[in-house]
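Below you'll find the structure, written out as structure tokens, and then a few comments.
The values are calculated or read from the model by the stated rules, or taken from the named source; none is laboratory data. Since this is a predicted model, take the numbers as computed values, not measurements. With ideal geometry, Cβ positions are generated from the backbone for all residues, glycine too; neighbour counts draw on all protein chains shown.
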Protein chains: 2
Amino acid sequence: MKLYTYFRSSAAYRVRIALNLKGLPYEALPVHLLKDGGAHLKDDYRAVNPSALVPTLQDEGGTLTQSMAILEYLEETHPAPPLLPSAPLERARVRALAQVVACDIHPLNNLRVLRYLVRTLGIGDEAKNNWCRHWICEGFGAFEVLLARDPVAGRFCHGDAPTFADCFLVPQVYNAQRYDVKLDLYPHIARIHDACAALPAFIAAHPAQQPDAQ
Amino acid sequence: MKLYTYFRSSAAYRVRIALNLKGLPYEALPVHLLKDGGAHLKDDYRAVNPSALVPTLQDEGGTLTQSMAILEYLEETHPAPPLLPSAPLERARVRALAQVVACDIHPLNNLRVLRYLVRTLGIGDEAKNNWCRHWICEGFGAFEVLLARDPVAGRFCHGDAPTFADCFLVPQVYNAQRYDVKLDLYPHIARIHDACAALPAFIAAHPAQQPDAQ
């Protein structure tokens, strides 16, 4: 498999974690989002991914976009080790946790959105950073309650093995730290992040470990 | 089942369509997002859904949040008629289309985000409407290419029966029309929207048909 990735993209980071957890080797194809106006915006990458976003996964026979769809595909084609529980209600819980990050936090803090705030709306740096922190804190507040109120949360977001939810949470914590969001208010998130961060699959997927890291 | 819904919420609209396509009866519990400062922000609703967003689905034994997670749950618990194809690559294609809407368009045009733009960042009405149109057009541009380049697109987004992708597309078109986005540039989207709009499941899920519509 080949993964179009960017070291700091949290959506690509999710897929790197999942590939590592499943022990699937892949070739990293770095797409630099900042150099030369952004490699993701060039025609050759748009031909691969019309959304001009990373990640994109190429597997035999197909090109896959959208990190959540890619994780579901990996789960269906390489079921061991599972990254979703088996009972439908529990699967829904894990997916909902992942989607708090994928739908309620990350889309608002994406590079293209921050650029629009600055370049089109003339928002200053402090207001831009407040914007990022606001949506992270809104989302983490909900994520923390969902963890705290459910006895299924264990060492990880759902029991004692990593799931989709952890694959989404850890990159979002990495982003949060870049914006100086303190995790004191989110003890379950902080604890689960630390448990994940000790695992080889998460370590190898970290932005700092990527070939395109600077 | 009970569905916490708001007639104009496009995330709730997706779930209404899926429930109707699967022939599943449900009790609608309207959550008015505008009246009295927003029923979704009150403690009693936050106890149901800590994200303070609609929809929430209550089924025997569990409370489900996040529209995509709810659709996956309905697909797993009520597989007929299927709203996903059977082959993993095709399932990934349908999910990716749905996520262009769920992750790349809708989160940016949500009520809470527009309120932040206006109340916190002091953005005027015209700039706010341009913001909405910009993200809709970015997302629809990608969605249209994904439809156009793949021969699997048929009467609907994936073949000749509705899937998750149609459940997500139609509410987003409804939103686009509210912002005067013309569909001329998106002929596949326009054609598929019209095919969906003729089906009873989509008609019954339309905002104008909801008990809380005004």
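Do the conditions hold for B:ALA47, that is, is it out of contact with any helix residue (DSSP H, G or I) (no Cβ under 6 Å at 6 or more places or on another chain) and surrounded by fewer than 24 Cβ atoms within 10 Å (Cβ to Cβ)? When the stated conditions are applied, B:ALA47 passes them.
So is B:THR77 of a type in the set (Val, Ile, Thr) and either more than 7 Å from chain A (Cβ to nearest Cβ) or surrounded by 21 or more Cβ atoms within 10 Å (Cβ to Cβ) (or both) or not?
Details: of a type in the set (Val, Ile, Thr): yes; either more than 7 Å from chain A (Cβ to nearest Cβ) or surrounded by 21 or more Cβ atoms within 10 Å (Cβ to Cβ) (or both): no.
Here the answer is no, as B:THR77 does not meet what is asked.
Listed by first and then second residue, the pairs with beta-carbon distance under 7 Å, at least 6 apart or on different chains, first residue in the range A:1-20 and basic (Lys, Arg), second buried (at least 24 other Cβ atoms within 10 Å of the Cβ) and outside any helix (DSSP H, G or I), are A:ARG16/A:THR5.
Just checking, which of A:ARG133, A:ARG155, A:ARG149 is among the basic types (Lys, Arg) and in contact with a helix residue (DSSP H, G or I) (Cβ under 7 Å, 6 or more places away or on another chain)?
On the way: A:ARG133 fails: in contact with a helix residue (DSSP H, G or I) (Cβ under 7 Å, 6 or more places away or on another chain); A:ARG149 fails: in contact with a helix residue (DSSP H, G or I) (Cβ under 7 Å, 6 or more places away or on another chain).
Sole residue among the options that is among the basic types (Lys, Arg) and in contact with a helix residue (DSSP H, G or I) (Cβ under 7 Å, 6 or more places away or on another chain): A:ARG155.
Only one of the numbered conditions (1) β-branched (Val, Ile, Thr); (2) in a helix (DSSP H, G or I); (3) facing chain B (nearest Cβ under 9 Å) is violated by A:VAL101, and that is (3).
Check off (1) modelled with pLDDT of 95 or more; (2) over 16 Å from the mean Cα position of the chain (by Cα); (3) surrounded by 15 or more Cβ atoms within 10 Å (Cβ to Cβ); (4) not assigned by TED's automatic domain parsing to the domain that holds B:ARG133 for B:PRO25 and give me the number that stays unchecked. Result: B:PRO25 passes all but (3). Among the residues of the range A:37-92, those identified as of a type in the set (A, V, I, L, M, F, W, C) and either on the phi > 0 side of the Ramachandran plot or touching a residue at least 24 places away in the same chain (Cβ under 8 Å) (or both) are A:VAL48, A:ALA52, A:LEU53, A:VAL54, A:LEU57, A:MET68, A:ILE70, A:LEU71, A:LEU74, A:ALA80, A:LEU83, A:LEU84.
Output the helices (runs of 4 or more DSSP H) that fall wholly within the range A:106-193 and possess 3 or more residues being farther than 24 Å from B:TYR45 by Cβ and touching a residue at least 24 places away in the same chain (Cβ under 8 Å), or say none. Lay out the reasoning, then the answer.
Working: elements: A:111-115, A:125-148, A:164-178.
Correct list: A:125-148, A:164-178.
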